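Comments concern the structure below.
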Amino acid sequence: MTKEIKDLTPKYTVPGIQREAAGRLIGVLRLRLHSLNDLHLTLKHVHWNVVGPHFIAVHEMIDPQVDRVRDMADDVAERIATLGGSAPGTPGTLVAERTWDDYSIGRADAIAHLGALNLVYTGLIEDVRAGIKEAGEIDPATEDLLIEQLRDLEQFQWFVRAHLESAGGTLATADAHSETEAAAKGAELG
């Protein structure tokens, strides 16, 4: 699902990129910025609301992810500014422009949160890959930034999935279609 955002064509941009193309990149990056800011808050929510026997492992696993995601958001915001755009960092803009629903799990067992978080990462990674494809048509520097972030996000999802995977390689939440469903399947493992 794509929401229309106002015309983002900047008055100036970096050498070698047309203003209209820079506007397309700014649109892609705004959604990446929103998703990273949202992920940062979601990860802190999980960090604060995780309970159960795996509490400390998940609690401590989340903080480095939070720190890296905040750095990613800063890099994206600075790229938007470099391209001549404005990086929106307010909660209202995030909510108005995002294309996903709010994280739906409150206080829950660690494995339940990880089940839901796995779906969050899946959606985010799919969107980053789409952004990489679009950026690759316009600007290798922006494409490179997104590729670097994709590697880290995929690694974070691997950390999450390691808690949800059986020794035989089956992912407990593989057929879940909602955070609530994934949390329930994860809780069955806990």
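The values are calculated or read from the model by the stated rules, or taken from the named source; none is laboratory data. All of these numbers come straight from a predicted model, not from anything done at the bench. Surface accessibility is based on the protein's heavy atoms, side chains included, excluding ligands, DNA and RNA. Shrake-Rupley method; radii C 1.70, N 1.55, O 1.52, S 1.80 Å.
Sorting Tyr12, Tyr121 by solvent-accessible area of protein heavy atoms yields Tyr12, Tyr121, largest first, with a 1.4 Å probe. Relative contact order for the chain: 25 percent, from Cα pairs under 8 Å spaced at least 6 residues apart, divided by residue count. For region 126-140 versus region 38-94, the spacing of their alpha-carbon centroids is 21 Å. Where only DSSP H runs of four or more residues are counted, the chain gives -23000 deg cm²/dmol as its mean residue ellipticity at 222 nm, each run worth -39500 (n - 2.57). Value of Rg to Rh for region 90-151, rounded to two decimals, is 1.08; Kirkwood radius and Rg both from alpha-carbon coordinates. Within the accessible area of the chain, the carbon and sulfur atoms contribute 51%, probe 1.4 Å, all protein chains present.
Cross-link reach is defined here as a Cα-Cα straight distance under 15 Å, omitting same-chain residues fewer than 8 places apart; for Lys6 the aspartates and glutamates meeting it are Glu20, Glu97. Restricting the calculation to Cα atoms, every distinct pair contributes to the Kirkwood radius of region 5-96, found to be 14.5 Å.
Normalised size of the chain, defined as Cα radius of gyration per 2.2 N^0.38 Å with N residues, equals 1.09.
The residues of region 1-95 expose on average 52 square angstrom of accessible surface per residue, using a 1.4 Å probe on protein heavy atoms.
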